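For reference, the structure is listed below as structure tokens.
The values are calculated or read from the model by the stated rules, or taken from the named source; none is laboratory data. Computed from a predicted structure; not experimentally measured. Quick reminder, even Gly has a Cβ in these numbers, built from the backbone with ideal geometry, and neighbours come from all protein chains shown.
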Amino acid sequence: MKAALLDIEGTIGDIAFVRDVLFPFARTRLAEVLQNRWTDPEVEATVAGAREATGKALDSPKVAEDQFLAWMDEDKKITPLKALQGIIWREGYASGELKAHLYPDAVEAIRTWSRHGVQVFIYSSGSIAAQKLYVAHSVAGDLSPLVGGYFDTTTGPKGDPASYTKIATSIGVEPFEMTFFSDAPAETDAAHTAGVAVYRIDRKQPPSFEGNDRGTPVIGSFVSVLAGY
């Protein structure tokens with residue numbers, strides 16, 4: 001393995017952190033950010049993106065807030081929403097209010113691979129900006145020096161085999177030289193179709209669990225993968 005490609009939610013970090021901490025944090029601060037920074041170029045750009053996506057004027061902070069909240073309620077993975085959430089999270093991380101969750105075995109895997117010359121990359125449905133914040137402001141400290149790059153859905157959907165081919169080309173390895181770790185069967189299936197080695201992580205299992213599902217290796221944590229180092 002020359003490169004490890006890691007999903008975040010449910011793989012290296014607890015999905016509950018995103019659901020129960022990050023999303024509510026953004027939601028409670030949304031109105032304040034739109035109201036106080038309506039003419040800020042960074043916020044203006046997210047609103048402009050929302051206008052383009054909806055075809056609506058969104059001509060006041062309250063109207064824009066309603067649209068962003070509707071997307072949150074529908075769990076939409078839409079770029080303007082992800083960008084605005086990223087702005088809010090950045091401020092929360094900077095203030096120390098937010099510390100991203102990482103499983104200890106995932107931290108050890110990233111550090112071990114880095115020591116052994118394996119490149120580490122992140123591929124998540126969250127924006128690249130949000131991924132960078134997550135890795136830089138984690139409970140284990142700043143791990144960003146150990147991560148070689150980040151990919152989000154601008155590369156392509158995580159359920160599309162072509163996305164993994166693009167990533168392999170981008171980082172300069174053959175698909176079979178890269179291993180993708182995710183908790184989502186549709187994602188590991190897509191990566192496998194692209195010729196990428198895969199492991200599906202099932203955090204409901206004991207850490208040392210090793211199994212198989214329709215030809216896909218399933219592990220309870222990174223413990224068994226690290227046994228070879």
Index of the failed condition, V173 passing every other in (1) out of contact with any helix residue (DSSP H, G or I) (no Cβ under 7 Å at 6 or more places or on another chain); (2) assigned to a strand (DSSP E or B); (3) not hydroxyl-bearing (S, T, Y): (2)
Index of the failed condition, T179 passing every other in (1) under 26 Å from K82 (Cα atoms); (2) polar (S, T, N, Q); (3) surrounded by 15 or more Cβ atoms within 10 Å (Cβ to Cβ): (1)
Condition broken by V43, with the remaining ones in (1) buried (at least 17 other Cβ atoms within 10 Å of the Cβ); (2) out of contact with any helix residue (DSSP H, G or I) (no Cβ under 6 Å at 6 or more places or on another chain); (3) closer than 30 Å to T179 by Cα satisfied: (3)
Candidates Q67, Q35 - the one that is more than 21 Å from the chain's Cα centre (by Cα), touching a residue at least 24 places away in the same chain (Cβ under 8 Å), over 24 Å from L102 (Cα atoms) and outside the structural domain of R203 (by TED's automatic domain parsing): Q35
Residue in region 191-229 that is modelled with the lowest pLDDT, counting only those that are hydroxyl-bearing (S, T, Y) and not in a loop (DSSP other than H, G, I, E, B): S224
Region 1-58, subset out of contact with any strand residue (DSSP E or B) (no Cβ under 8 Å at 6 or more places or on another chain) and of a type in the set (F, W, Y), residue modelled with the lowest pLDDT: F23
